[in-house]
Amino acid sequence: MWATVAKHLLQSKVQFSVAHTLLKVPRNKRFPCRSLLYFSRWQHSAPVDEQTFPTEAMIRSVETLDAQRFVCVHWEDGGQSLYPYVWLRDNCQCPECFLHSAIARKLPIENLDVNTGLGNINLTDTNKVSITWPDDHQSEFDASWLKKRCFSKTSRAEMNEELFLQKQQYWGSDLKIPTMSYEDVLHCDQTAFKWLCALRKMGIVVLEGAPVKQGELVTLGKRIGYMRHTFYGYTWHVQDKIDANNVAYTSGKLSLHTDYPALQYPPGVQFLHCLKQAESGGESEVVDGFHVCDKLRKQNREAFNILTSTQIDFTDTGVDFCDFSLQSKQRIIELDPNGDLLRINFNNATRDSVLNIPVEKVQPFYSALKEFVDLMNEAENTFFYKMKPGQIVTFDNWRILHGRKSYESRAEISRHLEGSYLDWDVVMSRLRALKSKLQNSS
């Protein structure tokens with residue numbers, strides 16, 4: 001294969017740059033499609049260490065492939081990257097096309113010629129690709145900026161992971177909950193960054209040493225950005241209440257669930273701050289929902305398919321911050337467009353009696369749901385712990401199902417947790433901002 005690649009590289013008459021010179025690259029109208037295929041294979045099959053993006057990416061040469069409407073960049077490390085003409089024109093970084101202070105595109109799509117050709121292309125002595133378009137517009141692209149946005153499968157996967165941190169570590173009863181200092185999270189950017197990375201990877205982190213007083217979650221929420229306001233307020237109190245408007249506000253056992261599937265867009269992250277713990281009972285229970293989904297998919301694909309395709313009604317009605325009457329339709333297991341696990345939507349207390357599916361599909365749905373719930377309740381999948389005053393558990397409400405053992409109800413409050421929600425958009429925004437800040441300071 002490598003000999004074939006070298007052969008086609010020689011046939012394409014690629015001009016190599018000399019240090020500190022300006023390279024004029026002639027337009028190549030005869031580059032064979034078979035060579036383009038080899039370029040793609042070379043990109044995708046390169047060793048992992050060749051796919052990393054150094055701070056100073058160096059370009060050896062560039063050429064145009066008019067038949068395919070690509071610019072091909074040859075890197076000093078031996079790899080190549082292909083960039084469509086239309087993508088380059090759409091992403092011109094000049095002040096006329098891009099507002100750098102807002103990191104936002106100014107070029108309207110209606111002004112973009114999606115069939116644009118390319119006039120001239122140069123490799124400058126500052127390691128940038130300079131392009132003159134047919135209408136004489138000028139664009140210039142930094143080498144590192146281009147390499148980071150390479151269209152190879154490996155590069156796209158790396159960029160996706162960098163932006164969204166989707167690699168997760170599944171767990172069962174063997175969970176060792178990551179634990180960090182609350183004060184360090186508030187005052188140390190490095191610790192705050194580690195906290196959010198661990199939250200994304202493991203789905204749950206406990207913060208130790210928070211003041212045992214109401215309202216502390218507001219301080220923690222501001223450390224990230226802002227909290228999610230719901231019909232239960234900015235924060236809410238989990239304790240035994242007379243005429244409770246939520247099953248959580250009782251002393252009974254809480255089955256495993258995710259919060260707020262009655263909302264069309266359930267909150268992504270939940271905080272629970274322990275202010276008082278019951279002397280007997282009240283232990284918390286958590287399950288890695290994605291781990292259980294993965295098991296269900298392997299154990300009973302038909303049940304998995306039912307729970308990922310059937311929309312179920314959830315409802316929540318009452319009065320708290322204000323009166324509310326919620327109704328939503330959710331799939332118990334939500335997948336993203338790539339078929340990967342996105343979110344668990346399950347709260348048996350708010351699952352509605354309305355079931356908008358054909359009558360013959362009711363029994364198969366219940367059978368699938370029962371198998372899923374039985375699987376999550378297996379001892380090997382569940383983890384129990386008992387919160388202490390001053391601890392804040394932070395967890396992924398899209399992934400982690402949580403519950404509670406019953407405890408003895410008394411005249412005085414015997415158990416008191418304060419809770420709040422955040423959206424994953426807000427949490428990931430802070431994570432990326434902290435990462436950028438730490439990288440710049442180093």
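The values are calculated or read from the model by the stated rules, or taken from the named source; none is laboratory data. Everything quoted here is computed from the prediction, not taken from an experiment. Cβ: placed from backbone, ideal geometry, glycine included. Neighbour counts: every protein chain shown. Note: areas computed on protein heavy atoms with side chains; ligands, DNA, RNA excluded. Shrake-Rupley method; radii C 1.70, N 1.55, O 1.52, S 1.80 Å.
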- Message: Please go through region 151-172 and give me each residue that is under 21 Å from residue 293 (Cα atoms), more than 19 Å from the chain's Cα centre (by Cα) and open to solvent by 60 Å² or more (accessible area, probe 1.4 Å), ordered by number.
- Response: none
- Query: Does residue 379 satisfy the criteria of being open to solvent by 30 Å² or more (accessible area, probe 1.4 Å), on the phi < 0 side of the Ramachandran plot and not aromatic (Phe, Trp, Tyr)?
  - Reply: yes
- Query: Hey, among 413, 357, which residue is open to solvent by less than 70 Å² (accessible area, probe 1.4 Å) and part of a loop (DSSP other than H, G, I, E, B)?
  - Reply: 357
- Checking residue 362 against (1) assigned to a helix (DSSP H, G or I); (2) of a type outside the set (Gly, Ala, Ser); (3) within 29 Å of residue 168 (Cα to Cα); (4) in contact with a Leu (Cβ under 7 Å, 6 or more places away or on another chain), which single condition isn't satisfied? (3)
- Item | Output for region 333-354, where each listed residue is open to solvent by less than 50 Å² (accessible area, probe 1.4 Å), part of a loop (DSSP other than H, G, I, E, B) and charged (D, E, K, R) | 336, 352
- Picked from region 386-408 (must be of a type outside the set (A, V, I, L, M), crowded, with 17+ Cβ neighbours inside 10 Å and closer than 18 Å to residue 183 by Cβ), the residue nearest to the chain's Cα centre (by Cα) is 394
- Task: Could you please give the count of residues in region 416-442 that are in contact with a Gly (Cβ under 7 Å, 6 or more places away or on another chain) and loosely packed, with under 13 Cβ neighbours inside 10 Å?
- Result: 0
- Going by the conditions given, is residue 321 within 28 Å of residue 429 (Cα to Cα), open to solvent by 30 Å² or more (accessible area, probe 1.4 Å) and among the aromatic types (Phe, Trp, Tyr)? yes
- For region 208-223, state whether one or more residues are closer than 24 Å to residue 345 by Cβ and either modelled with pLDDT under 95 or not in a helix (DSSP H, G or I) (or both). no
- Filtering region 275-313 for residues that are more than 17 Å from residue 373 (Cα to Cα), crowded, with 21+ Cβ neighbours inside 10 Å and within 28 Å of the chain's Cα centre (by Cα) leaves a count of 0
- Item | Any pair with Cβ under 8 angstrom, 6 or more apart, that starts in region 63-92 at a residue that is at positive phi and open to solvent by less than 30 Å² (accessible area, probe 1.4 Å) and ends at one that is part of a helix (DSSP H, G or I) and modelled with pLDDT under 95 | 78/50
- Quick one: is residue 232 aromatic (Phe, Trp, Tyr), surrounded by fewer than 19 Cβ atoms within 10 Å (Cβ to Cβ) and either modelled with pLDDT under 95 or over 21 Å from residue 175 (Cα atoms) (or both)? no
- Query: Inside region 129-150, can you point out the residues that are in a strand (DSSP E or B) and surrounded by 17 or more Cβ atoms within 10 Å (Cβ to Cβ)?
  - Reply: 129, 130, 131, 139, 141
- Residue list for region 236-254, restricted to those being basic (Lys, Arg) and in contact (Cβ under 8 Å) with a residue 24 or more places away in the chain: 253
- In region 202-222, which residues are of a type outside the set (Asp, Glu) and surrounded by fewer than 16 Cβ atoms within 10 Å (Cβ to Cβ)? 209, 211, 212, 213, 214, 215, 218, 219, 222
- Within region 38-59, track down each residue that is modelled with pLDDT of 95 or more and surrounded by 18 or more Cβ atoms within 10 Å (Cβ to Cβ). 59
- Is at least one residue of region 368-375 assigned to a helix (DSSP H, G or I), open to solvent by 80 Å² or more (accessible area, probe 1.4 Å) and over 27 Å from residue 215 (Cβ atoms)? yes
- Where a residue in region 421-442 is of a type in the set (Val, Ile, Thr) and its partner, wherever it lies, is assigned to a strand (DSSP E or B), with Cβ under 7 Å and at least six apart: 427/269
- Item | Subset of region 95-123 (residues that are open to solvent by less than 20 Å² (accessible area, probe 1.4 Å) and hydroxyl-bearing (Ser, Thr, Tyr)) | 116
- Message: Which residue is nearest to the chain's Cα centre (by Cα), if the candidates are limited to region 121-134 and must be farther than 18 Å from residue 98 by Cα and not hydrophobic (A, V, I, L, M, F, W, C)?
- Response: 127
- Item | Contacts under 6 angstrom Cβ, first residue in region 345-374 being in contact (Cβ under 8 Å) with a residue 12 or more places away in the chain and under 23 Å from residue 267 (Cα atoms), partner open to solvent by 50 Å² or more (accessible area, probe 1.4 Å) and not in a helix (DSSP H, G or I), 6 or more apart | 348/255
- Can you name the residue in region 92-140 that is touching a strand residue (DSSP E or B) at 6+ places or on another chain (Cβ under 7 Å) and of a type in the set (Gly, Ala, Ser) and, of all such residues, is nearest to residue 72 (Cα to Cα)? 130
